[in-house]
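Peer 1: I'd like to ask some things about the structure below.
The values are calculated or read from the model by the stated rules, or taken from the named source; none is laboratory data. This structure is a prediction, so every number in the text was calculated from the model and none was measured. Reconstructed Cβ throughout: ideal geometry from the backbone, glycine too, with neighbour counts over all protein chains shown.
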Amino acid sequence: MKNLMWLLQLLLKAAIFFTLFAFALNNQQEAVVHFFFGTTWQAPLVLVVLAAFILGVAIGVLGMVPRWWKHRRLAQHAHTLNTDASAKSEAATPTSADTPHGI
């Protein structure tokens with residue numbers, strides 16, 4: 001079963017790779033991107049698409065960083081509260097030697 005899953009993952013990765021490779025081969029014509037103030041960038045279309053994808057991912061990650069920091073801070077705070085509470089409960093729990101007849 002494990003070998004079958006490994007084979008399926010390998011086939012999926014190969015299919016994705018060959019699809020993207022065919023996309024790159026089919027989009028080698030030059031594309032011109034016009035920016036502000038008359039600035040232009042001329043590159044193969046596949047590079048323009050790749051640059052737009054990378055820029056979108058970078059903006060998305062930067063937009064998520066504050067939320068990740070907030071959740072990390074809250075998780076650390078909750079962990080600190082849990083360890084403090086468990087330490088207090090262990091100190092307050094009577095042991096069998098403290099109770100009569102082990103009850």
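Peer 1: What pairs come up if the first residue lies in the stretch 34-62 and is at pLDDT below 90, the second is acidic (D, E), and their beta carbons are under 7 Å apart, counting only those six or more places apart or on different chains?
Peer 2: Here the result reads P44/E30, each pair linking the stretch 34-62 to a residue that is acidic (D, E).
Peer 1: Kindly check whether there is at least one residue in the stretch 65-78 that is part of a helix (DSSP H, G or I), at pLDDT 90 or above, hydrophobic (A, V, I, L, M, F, W, C) and within 30 Å of A22 (Cβ to Cβ).
Peer 2: Looking through the stretch 65-78, none of the residues is part of a helix (DSSP H, G or I), at pLDDT 90 or above, hydrophobic (A, V, I, L, M, F, W, C) and within 30 Å of A22 (Cβ to Cβ).
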